[in-house]
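Working notes, beginning with the structure itself.
The values are calculated or read from the model by the stated rules, or taken from the named source; none is laboratory data. What you are looking at is a predicted structure, and each value in this text was computed from that prediction instead of being measured. Cβ sites come from the backbone with ideal geometry, for glycine too, and all protein chains shown count toward neighbours. Remember, those area values only see protein heavy atoms, side chains included, never the ligands or the DNA or RNA. Shrake-Rupley method; radii C 1.70, N 1.55, O 1.52, S 1.80 Å.
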Amino acid sequence: MSTLAHTMMTAARSADSGLAGPGEIDRYPYAEAPAGERAALRSWDGPDADLGRVSRRGSASRGRGLHGQLVQQLGQMIVSGDLGADRPLVPEEIGQRFEVSRTVVRESLRVLEAKGLVSARPNVGTRVRPVSDWNLLDPDIIEWRAFGPQREDQRRELGELRWTIEPLAARLAAGHGREDIQQRLGDMVEIMGHAVGQGDAITCSRADAEFHSLLIQAAGNRMLEHLSGIVSAALQVSGGPVTGCDRPGEASLGHHARIVDALASGDAAGAESAMRQLLVVHPEVERVVPAPREH
(Lines give C-alpha, C1' and ligand atoms only; values in the text may rest on other atoms or scores of the structure.)
Protein backbone atom coordinates (compact mmCIF):
# COMPACT_ATOMS: atom_id res chain seq x y z
CA MET A 1 0.00 0.00 0.00
CA SER A 2 1.29 3.46 -0.86
CA THR A 3 2.37 5.96 1.80
CA LEU A 4 -0.48 8.26 0.75
CA ALA A 5 -3.05 5.51 1.24
CA HIS A 6 -1.63 4.64 4.65
CA THR A 7 -1.70 8.29 5.70
CA MET A 8 -5.32 8.74 4.63
CA MET A 9 -6.44 5.58 6.39
CA THR A 10 -4.71 6.62 9.61
CA ALA A 11 -6.25 10.08 9.46
CA ALA A 12 -9.70 8.68 8.73
CA ARG A 13 -9.55 6.29 11.67
CA SER A 14 -8.37 9.04 14.00
CA ALA A 15 -11.29 11.23 12.94
CA ASP A 16 -13.74 8.38 13.39
CA SER A 17 -12.49 7.80 16.93
CA GLY A 18 -13.13 11.42 17.81
CA LEU A 19 -9.45 12.32 18.12
CA ALA A 20 -8.14 15.43 16.45
CA GLY A 21 -5.78 14.70 13.61
CA PRO A 22 -2.69 16.67 12.64
CA GLY A 23 -3.57 20.26 11.81
CA GLU A 24 -7.23 19.75 12.72
CA ILE A 25 -8.70 22.90 14.21
CA ASP A 26 -12.06 24.15 15.32
CA ARG A 27 -14.15 25.32 12.38
CA TYR A 28 -14.80 28.62 14.12
CA PRO A 29 -11.35 30.03 15.05
CA TYR A 30 -12.33 32.30 17.90
CA ALA A 31 -10.29 32.87 21.02
CA GLU A 32 -10.69 30.21 23.66
CA ALA A 33 -13.52 30.85 26.08
CA PRO A 34 -12.78 31.60 29.75
CA ALA A 35 -12.38 28.59 31.99
CA GLY A 36 -15.87 28.95 33.37
CA GLU A 37 -17.35 28.67 29.89
CA ARG A 38 -15.56 25.58 28.64
CA ALA A 39 -18.31 23.19 29.63
CA ALA A 40 -20.75 21.92 27.05
CA LEU A 41 -23.74 24.07 26.21
CA ARG A 42 -26.98 23.39 27.97
CA SER A 43 -30.07 22.83 25.86
CA TRP A 44 -32.60 25.62 25.70
CA ASP A 45 -35.05 24.26 28.28
CA GLY A 46 -36.85 27.41 29.29
CA PRO A 47 -40.57 28.14 29.13
CA ASP A 48 -40.39 28.77 25.39
CA ALA A 49 -41.10 25.37 23.85
CA ASP A 50 -39.57 26.26 20.47
CA LEU A 51 -36.27 27.12 22.07
CA GLY A 52 -36.24 23.94 24.11
CA ARG A 53 -35.77 21.61 21.18
CA VAL A 54 -32.35 20.05 20.85
CA SER A 55 -30.67 18.78 17.68
CA ARG A 56 -30.60 15.03 17.00
CA ARG A 57 -27.00 14.89 18.15
CA GLY A 58 -25.80 17.04 21.05
CA SER A 59 -23.59 19.83 19.79
CA ALA A 60 -21.11 19.16 22.59
CA SER A 61 -20.27 15.83 20.96
CA ARG A 62 -18.88 17.61 17.92
CA GLY A 63 -15.68 18.70 19.64
CA ARG A 64 -16.23 22.39 18.86
CA GLY A 65 -15.65 25.38 21.08
CA LEU A 66 -18.62 27.14 22.61
CA HIS A 67 -18.96 29.51 19.66
CA GLY A 68 -19.19 26.59 17.25
CA GLN A 69 -21.58 24.70 19.50
CA LEU A 70 -23.93 27.65 19.80
CA VAL A 71 -23.76 28.36 16.05
CA GLN A 72 -24.51 24.70 15.41
CA GLN A 73 -27.52 24.53 17.69
CA LEU A 74 -29.07 27.87 16.75
CA GLY A 75 -28.38 27.22 13.06
CA GLN A 76 -30.12 23.86 13.17
CA MET A 77 -33.09 25.35 15.00
CA ILE A 78 -33.45 28.14 12.42
CA VAL A 79 -33.07 25.90 9.38
CA SER A 80 -35.44 23.27 10.78
CA GLY A 81 -38.11 25.93 11.30
CA ASP A 82 -38.11 25.69 15.11
CA LEU A 83 -37.22 29.38 15.04
CA GLY A 84 -39.40 30.81 12.29
CA ALA A 85 -38.80 33.79 10.04
CA ASP A 86 -38.84 37.19 11.73
CA ARG A 87 -38.46 35.52 15.11
CA PRO A 88 -36.60 37.84 17.54
CA LEU A 89 -33.43 36.49 19.14
CA VAL A 90 -32.58 38.25 22.40
CA PRO A 91 -28.84 37.90 23.15
CA GLU A 92 -29.35 38.20 26.90
CA GLU A 93 -31.92 35.41 26.88
CA ILE A 94 -29.69 33.18 24.75
CA GLY A 95 -26.78 33.77 27.13
CA GLN A 96 -28.87 32.91 30.15
CA ARG A 97 -30.42 29.82 28.63
CA PHE A 98 -27.13 28.38 27.44
CA GLU A 99 -25.08 29.80 30.30
CA VAL A 100 -22.52 31.47 28.04
CA SER A 101 -21.11 34.98 28.00
CA ARG A 102 -22.27 37.89 25.91
CA THR A 103 -19.10 37.55 23.85
CA VAL A 104 -19.94 33.95 22.89
CA VAL A 105 -23.51 34.92 21.97
CA ARG A 106 -22.44 38.01 20.04
CA GLU A 107 -19.80 36.20 17.99
CA SER A 108 -22.13 33.28 17.32
CA LEU A 109 -24.85 35.59 16.04
CA ARG A 110 -22.29 37.30 13.81
CA VAL A 111 -21.49 33.95 12.20
CA LEU A 112 -25.19 33.28 11.64
CA GLU A 113 -25.61 36.79 10.22
CA ALA A 114 -22.78 36.16 7.76
CA LYS A 115 -24.64 33.05 6.60
CA GLY A 116 -27.78 35.12 6.01
CA LEU A 117 -29.78 33.37 8.74
CA VAL A 118 -30.28 36.38 11.01
CA SER A 119 -30.09 40.15 10.75
CA ALA A 120 -29.25 42.69 13.42
CA ARG A 121 -30.57 46.25 13.13
CA PRO A 122 -30.69 49.18 15.55
CA ASN A 123 -33.99 49.56 17.39
CA VAL A 124 -35.16 46.25 15.90
CA GLY A 125 -32.72 43.76 17.36
CA THR A 126 -31.67 40.41 15.94
CA ARG A 127 -34.27 38.51 13.98
CA VAL A 128 -34.41 35.32 11.93
CA ARG A 129 -34.40 36.02 8.20
CA PRO A 130 -36.57 34.24 5.60
CA VAL A 131 -35.17 31.35 3.57
CA SER A 132 -34.81 33.58 0.52
CA ASP A 133 -32.04 35.47 2.34
CA TRP A 134 -30.02 32.43 3.42
CA ASN A 135 -26.70 31.56 1.81
CA LEU A 136 -27.88 28.16 0.60
CA LEU A 137 -24.40 27.35 -0.76
CA ASP A 138 -22.83 27.59 2.70
CA PRO A 139 -21.58 24.11 3.73
CA ASP A 140 -23.10 24.41 7.22
CA ILE A 141 -26.52 25.37 5.87
CA ILE A 142 -26.29 22.50 3.39
CA GLU A 143 -25.66 20.15 6.31
CA TRP A 144 -28.39 21.58 8.52
CA ARG A 145 -30.93 21.34 5.70
CA ALA A 146 -29.82 17.78 4.92
CA PHE A 147 -30.63 16.60 8.45
CA GLY A 148 -33.82 18.57 8.96
CA PRO A 149 -37.33 18.57 7.54
CA GLN A 150 -35.98 19.76 4.17
CA ARG A 151 -33.66 16.78 3.77
CA GLU A 152 -35.27 15.38 0.61
CA ASP A 153 -35.34 18.78 -1.09
CA GLN A 154 -31.71 19.35 -0.14
CA ARG A 155 -30.59 15.98 -1.52
CA ARG A 156 -32.48 16.56 -4.78
CA GLU A 157 -31.08 20.07 -5.19
CA LEU A 158 -27.53 18.93 -4.46
CA GLY A 159 -27.86 16.12 -6.97
CA GLU A 160 -29.11 18.49 -9.65
CA LEU A 161 -26.31 20.92 -8.92
CA ARG A 162 -23.66 18.20 -9.11
CA TRP A 163 -25.12 16.95 -12.40
CA THR A 164 -24.53 20.44 -13.78
CA ILE A 165 -21.07 21.07 -12.31
CA GLU A 166 -19.11 17.82 -12.45
CA PRO A 167 -19.57 16.58 -16.03
CA LEU A 168 -18.56 20.05 -17.23
CA ALA A 169 -15.55 20.01 -14.91
CA ALA A 170 -14.50 16.61 -16.28
CA ARG A 171 -14.77 17.86 -19.87
CA LEU A 172 -12.71 20.97 -19.13
CA ALA A 173 -10.11 19.05 -17.13
CA ALA A 174 -9.37 16.81 -20.13
CA GLY A 175 -8.15 19.83 -22.06
CA HIS A 176 -5.73 21.12 -19.44
CA GLY A 177 -3.28 18.24 -19.19
CA ARG A 178 -2.50 18.79 -15.51
CA GLU A 179 -0.27 15.76 -14.97
CA ASP A 180 0.22 16.51 -11.27
CA ILE A 181 -3.51 16.49 -10.58
CA GLN A 182 -4.05 13.49 -12.85
CA GLN A 183 -1.48 11.59 -10.78
CA ARG A 184 -3.27 12.50 -7.59
CA LEU A 185 -6.60 11.47 -9.09
CA GLY A 186 -5.07 8.10 -9.90
CA ASP A 187 -3.81 7.86 -6.33
CA MET A 188 -7.33 8.48 -5.02
CA VAL A 189 -8.70 5.67 -7.20
CA GLU A 190 -5.97 3.37 -5.83
CA ILE A 191 -6.81 4.34 -2.27
CA MET A 192 -10.52 3.80 -2.86
CA GLY A 193 -9.89 0.37 -4.34
CA HIS A 194 -7.70 -0.68 -1.42
CA ALA A 195 -10.17 0.74 1.12
CA VAL A 196 -13.09 -1.11 -0.48
CA GLY A 197 -11.09 -4.33 -0.31
CA GLN A 198 -10.44 -3.71 3.39
CA GLY A 199 -14.03 -2.72 4.12
CA ASP A 200 -12.82 0.73 5.17
CA ALA A 201 -15.74 2.97 4.18
CA ILE A 202 -14.30 6.00 5.98
CA THR A 203 -11.08 6.10 3.96
CA CYS A 204 -12.99 5.29 0.79
CA SER A 205 -15.37 8.20 1.32
CA ARG A 206 -12.56 10.63 2.06
CA ALA A 207 -10.61 9.57 -1.01
CA ASP A 208 -13.77 9.89 -3.08
CA ALA A 209 -14.39 13.43 -1.79
CA GLU A 210 -10.77 14.33 -2.59
CA PHE A 211 -11.16 12.86 -6.08
CA HIS A 212 -14.14 15.07 -6.89
CA SER A 213 -12.49 18.16 -5.40
CA LEU A 214 -9.31 17.58 -7.43
CA LEU A 215 -11.29 17.07 -10.61
CA ILE A 216 -12.95 20.47 -10.24
CA GLN A 217 -9.54 22.05 -9.59
CA ALA A 218 -8.23 20.43 -12.76
CA ALA A 219 -10.94 22.15 -14.82
CA GLY A 220 -8.94 25.37 -14.71
CA ASN A 221 -12.04 27.48 -14.09
CA ARG A 222 -11.80 29.57 -10.94
CA MET A 223 -15.55 30.00 -10.66
CA LEU A 224 -16.09 26.24 -10.83
CA GLU A 225 -13.26 25.75 -8.35
CA HIS A 226 -15.11 28.04 -5.96
CA LEU A 227 -17.95 25.51 -6.01
CA SER A 228 -15.74 22.56 -5.01
CA GLY A 229 -16.72 23.07 -1.38
CA ILE A 230 -20.35 22.56 -2.31
CA VAL A 231 -19.56 19.24 -3.97
CA SER A 232 -17.57 18.16 -0.91
CA ALA A 233 -20.44 19.12 1.36
CA ALA A 234 -22.85 17.24 -0.87
CA LEU A 235 -20.74 14.09 -0.62
CA GLN A 236 -20.46 14.44 3.14
CA VAL A 237 -24.11 14.97 3.96
CA SER A 238 -25.80 12.80 1.35
CA GLY A 239 -23.22 10.18 0.58
CA GLY A 240 -23.31 11.53 -2.96
CA PRO A 241 -24.58 9.40 -5.80
CA VAL A 242 -23.44 5.79 -5.73
CA THR A 243 -19.71 5.87 -5.17
CA GLY A 244 -19.07 2.32 -4.03
CA CYS A 245 -18.10 3.33 -0.50
CA ASP A 246 -21.33 2.39 1.24
CA ARG A 247 -22.05 -0.49 -1.12
CA PRO A 248 -18.70 -1.53 -2.62
CA GLY A 249 -18.83 -2.32 -6.31
CA GLU A 250 -16.43 -2.64 -9.21
CA ALA A 251 -18.68 -0.51 -11.44
CA SER A 252 -18.18 2.62 -9.37
CA LEU A 253 -14.43 2.19 -9.16
CA GLY A 254 -14.41 1.50 -12.89
CA HIS A 255 -16.14 4.82 -13.62
CA HIS A 256 -13.56 6.66 -11.51
CA ALA A 257 -10.73 4.91 -13.33
CA ARG A 258 -12.25 5.69 -16.74
CA ILE A 259 -12.39 9.37 -15.85
CA VAL A 260 -8.67 9.30 -15.04
CA ASP A 261 -7.87 7.46 -18.27
CA ALA A 262 -9.93 9.92 -20.32
CA LEU A 263 -8.13 12.87 -18.73
CA ALA A 264 -4.74 11.31 -19.46
CA SER A 265 -5.63 10.86 -23.15
CA GLY A 266 -7.27 14.27 -23.47
CA ASP A 267 -10.64 12.69 -24.27
CA ALA A 268 -13.05 15.44 -23.15
CA ALA A 269 -16.21 13.67 -24.31
CA GLY A 270 -15.10 10.42 -22.68
CA ALA A 271 -14.36 12.16 -19.37
CA GLU A 272 -17.75 13.86 -19.38
CA SER A 273 -19.54 10.63 -20.25
CA ALA A 274 -17.75 8.66 -17.53
CA MET A 275 -18.64 11.31 -14.96
CA ARG A 276 -22.31 11.21 -15.95
CA GLN A 277 -22.28 7.45 -15.56
CA LEU A 278 -20.74 7.84 -12.12
CA LEU A 279 -23.42 10.31 -11.06
CA VAL A 280 -26.28 8.04 -12.05
CA VAL A 281 -28.02 6.64 -8.98
CA HIS A 282 -28.73 2.95 -9.53
CA PRO A 283 -32.37 2.20 -8.63
CA GLU A 284 -31.50 -1.09 -6.92
CA VAL A 285 -29.31 0.68 -4.37
CA GLU A 286 -31.12 1.86 -1.28
CA ARG A 287 -30.37 5.51 -0.60
CA VAL A 288 -30.07 6.26 3.08
CA VAL A 289 -29.01 9.61 4.51
CA PRO A 290 -26.15 8.89 6.94
CA ALA A 291 -25.65 10.42 10.37
CA PRO A 292 -24.27 13.98 10.44
CA ARG A 293 -20.54 14.21 9.86
CA GLU A 294 -18.18 14.84 12.71
CA HIS A 295 -16.10 18.02 12.61
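Treating r as the C-beta distance of Leu168 and Asn135 and R0 as 22 Å, the FRET efficiency rounds to 0.45.
With 0.36 nm allotted per residue and the present C-alpha distance subtracted, the Arg276-Ala114 stretch has 54.9 nm of extension available.
Apolar share of the accessible surface for the stretch 75-175: 50 percent from carbon plus sulfur atoms, 1.4 Å probe.
Taking only the alpha carbons of the stretch 67-198, we obtain Rg and Dmax values of 20.3, 61 Å in that order.
Suppose R0 equals 45 Å; then what is the FRET efficiency for Arg121 and Asn221 from their Cβ-Cβ distance, rounded to the nearest 0.05?
On the way: r = 38 Å, r/R0 = 0.84.
So the FRET efficiency works out to roughly 0.75.
For the stretch 76-134, what is the convex hull volume of the alpha-carbon atoms per residue, in Å³?
Numbers: hull volume 4.7 nm³, N = 59.
That works out to 79 Å³ per residue.
Each residue of the stretch 89-99 was assigned a 3J(HN,Hα) from its phi angle through the Karplus curve 6.51 cos²θ - 1.76 cosθ + 1.60 (θ = phi - 60°); the sequence is 10, 9, x, 4, 5, 4, x, 5, 5, 9, 6 Hz, with glycine and proline shown as x.
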